[in-house]
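Heads up, the thing below is written out as structure tokens.
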Amino acid sequence: MQGMRVVFTKGPGTSYDIAVHRETGAALAPRNGPGGHPYLPHDLVHFLVEAEAGIELGVYGRLAAGDNGLFWPADPAERAKAARRRKSKRVQSSPQAKADMARSEELAGIAVPVWEVRHGQARELPAYVTAREIPSVVDRIVFRFDEYADRWHTLPVRGSLTLTW
């Protein structure tokens, strides 16, 4: 699906909000991101990883297809329906969706430290990265990080970046 917009809005410190505007599924309420990184917010990392690696059923592919993921519908009636569905039956992910989510986490866990070392944010790669072969897609992902990291870091509080899925 094309046309989903994701808006990352900077908060104080390393906090941020994320809003998803999509064509399929219920309208979603914005939520707070986990924060923690002054250049590469966690949810922005996953967006860039999944887009560059062509991960179809990661966080953003699922959202674009109508899944709510970690978001709640903005409409209270839709939110109540979603809560009942979650409570009454746990939605099982397909094997492909589980594999795509694992791949997103794996690549994010490698690409962020690689970016940090290349940009002087860390002195060396963690052992879990140096102990493995780094996939070639990581260089492309790090290049994408380069496009957004300084833009994010220099945004004022309440400034936003909008990306299209």
If we scan the range 62-73, do we find a residue that is more than 23 Å from residue 36 (Cβ to Cβ), at pLDDT below 95 and assigned to a helix (DSSP H, G or I)?
yes
Somewhere in the range 63-73, is a residue in contact (Cβ under 8 Å) with a residue 60 or more places away in the chain, farther than 26 Å from residue 28 by Cα and either surrounded by 13 or more Cβ atoms within 10 Å (Cβ to Cβ) or not hydrophobic (A, V, I, L, M, F, W, C) (or both)?
no
Taking into account only those residues within the range 1-21 that are of a type in the set (A, V, I, L, M, F, W, C) and assigned to a loop (DSSP other than H, G, I, E, B), which is nearest to the chain's Cα centre (by Cα)?
4
Reported set for the range 137-165 where residues are of a type in the set (Lys, Arg) and assigned to a helix (DSSP H, G or I) is 140, 144, 151
For the range 22-33, state whether one or more residues are within 13 Å of the chain's Cα centre (by Cα), over 15 Å from residue 161 (Cβ atoms) and not in a helix (DSSP H, G or I).
yes
Expected single match for surrounded by fewer than 21 Cβ atoms within 10 Å (Cβ to Cβ) and modelled with pLDDT of 95 or more among 36, 11 is 11
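In this structure, does residue 45 turn out to be under 9 Å from the mean Cα position of the chain (by Cα) and outside any loop (DSSP other than H, G, I, E, B)?
Numbers: under 9 Å from the mean Cα position of the chain (by Cα): yes; outside any loop (DSSP other than H, G, I, E, B): yes.
In short, yes.
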Within the bounds of the range 118-134, is there any residue that is β-branched (Val, Ile, Thr), in a loop (DSSP other than H, G, I, E, B) and either modelled with pLDDT under 95 or farther than 23 Å from residue 6 by Cα (or both)?
yes
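Within the range 121-130, does at least one residue satisfy the condition of being in contact with a Phe, Trp or Tyr (Cβ under 6 Å, 6 or more places away or on another chain) and either free of Cβ contacts under 8 Å to residues at least 60 places away in the same chain or surrounded by 13 or more Cβ atoms within 10 Å (Cβ to Cβ) (or both)?
Start the filter on the range 121-130 by keeping residues that are in contact with a Phe, Trp or Tyr (Cβ under 6 Å, 6 or more places away or on another chain), which leaves none.
No, that holds for no residue.
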The one condition residue 78 fails out of (1) in a loop (DSSP other than H, G, I, E, B); (2) more than 16 Å from the chain's Cα centre (by Cα); (3) closer than 19 Å to residue 20 by Cβ is (1)
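Given the criterion among the aromatic types (Phe, Trp, Tyr), surrounded by 15 or more Cβ atoms within 10 Å (Cβ to Cβ), touching an Asp or Glu at 6+ places or on another chain (Cβ under 9 Å) and at negative phi, identify the matching residue among 115, 152.
Working: 152 fails: touching an Asp or Glu at 6+ places or on another chain (Cβ under 9 Å).
Going through 115, 152 in turn, just one is among the aromatic types (Phe, Trp, Tyr), surrounded by 15 or more Cβ atoms within 10 Å (Cβ to Cβ), touching an Asp or Glu at 6+ places or on another chain (Cβ under 9 Å) and at negative phi: 115.
The values are calculated or read from the model by the stated rules, or taken from the named source; none is laboratory data. Predicted model only: the values in this text are computed from it and were never measured. For neighbour counting, all protein chains shown are included, and Cβ atoms are generated from backbone atoms with ideal geometry for every residue, glycine included.
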